[in-house]
Amino acid sequence: MLFERVHASGVGLTIGSIGKTSVSNITFRDSLLYRSFKGIYMKFRTEDGPGLIENVLYENITIFEPVQWGLWIGPAQQVDNDRPASYPCGTQLCSICWPKVPFTTCKGSNVSRYRNITLRDIHIINPLGSPGVIIGSDLAPIEDIVFDNVVVSKDGETEAQRYKNMDRLELFPGLAQPIEDQYVNYVMLSLYVIVLAFFAVPAVVLITLGFIRCIDSRKSRKNQFQMLFFFVGSIMAVLAMGHYLVNINTTNGTYDENNYFACMGVMKGVATGNTWPVPTCFQYKKMN
């Protein structure tokens, strides 16, 4: 099956989610993705039976400023249907909140496999996150995957400037039609509620109590100084927590354009041509 000359945004050029089935002989080529959530996205969704994605080619594709990941090959980031609605970050394989929310996880499938995957002449321009994620497992490794001229470049280049100046509505008329996904809105609302319940509300309560005690304390200058110290310390703690939550991706390397965020569970991964950066679980081979 061939998909070519695609100009799009959205989630990306996607294969999956795949469950207990197989997909093979798929080609994407000669395409442009403009500020998509992910760029190239291949995914397995469950562990309830073996799946297979094989003989796949992505060729001559430009991905401009992907919002999350330039490339994703691994498990689906999702919310499982059997998980409590009150905690959307729980999942069987890979949390939709990973890696932004602490203690969430993402692991490769132990029963589903990728085989004979080729990415050729892929240009990722100015990714807002890291170049990508490649996650297999020891029991079901990604086999025979080749990156040939898969290049990540920083902003400031002529080509990047050209995409920045384009008329998005002219190129993608569908952007003029708002998309309201109530389920996604519910997930994001749940995340905000969790943050408020466990961080913001307790912090505000502590600050308020400290301020009240500081005002009401008339016993001595020492007590007033202690309460003022507590009040200022509480404010600093809230600011530090806010900084951590906003910038958590930078603390674990997500915004490092020089490295793939995760690369594991790969068997016979090869990088050739001008591929940069080379994924850490790949071997670089110089072609004659």
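Below, the figures for the structure above:
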{"item": "Per-region count, the range 99-135, residues modelled with pLDDT under 90, surrounded by fewer than 18 Cβ atoms within 10 Å (Cβ to Cβ) and out of contact with any Pro (no Cβ under 8 Å at 6 or more places or on another chain)", "result": "6"}
{"item": "Any chance VAL79 is β-branched (Val, Ile, Thr), under 16 Å from the mean Cα position of the chain (by Cα), closer than 26 Å to ALA140 by Cβ and open to solvent by 10 Å² or more (accessible area, probe 1.4 Å)", "result": "yes"}
{"item": "All positions within the range 136-150 that are crowded, with 24+ Cβ neighbours inside 10 Å and either at pLDDT below 95 or not β-branched (Val, Ile, Thr) (or both)", "result": "GLY136, PHE147"}
{"item": "Sole residue being without any contact (Cβ under 8 Å) to a residue 24 or more places away in the chain and β-branched (Val, Ile, Thr), chosen from THR27, THR91", "result": "THR91"}
{"item": "Set ILE53, ILE15, ILE61: member being farther than 16 Å from GLY129 by Cα, β-branched (Val, Ile, Thr) and in contact with an Asp or Glu (Cβ under 9 Å, 6 or more places away or on another chain)", "result": "ILE61"}
{"item": "Condition broken by ILE26, with the remaining ones in (1) assigned to a loop (DSSP other than H, G, I, E, B); (2) modelled with pLDDT of 85 or more; (3) surrounded by fewer than 20 Cβ atoms within 10 Å (Cβ to Cβ) satisfied", "result": "(1)"}
{"item": "Segments classed as strands (runs of 3 or more DSSP E), wholly inside the range 43-137, with at least 3 members that are of a type in the set (Val, Ile, Thr)", "result": "52-64, 113-125, 132-135"}
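The values are calculated or read from the model by the stated rules, or taken from the named source; none is laboratory data. Please read all numbers here as calculations on a predicted model, not as lab measurements. FYI the Cβ positions are ideal-geometry reconstructions off the backbone, even for glycines, and counts take in every protein chain you see. Surface areas here come from the heavy atoms of the whole protein model, side chains and all, with no ligands, DNA or RNA. Shrake-Rupley method; radii C 1.70, N 1.55, O 1.52, S 1.80 Å.
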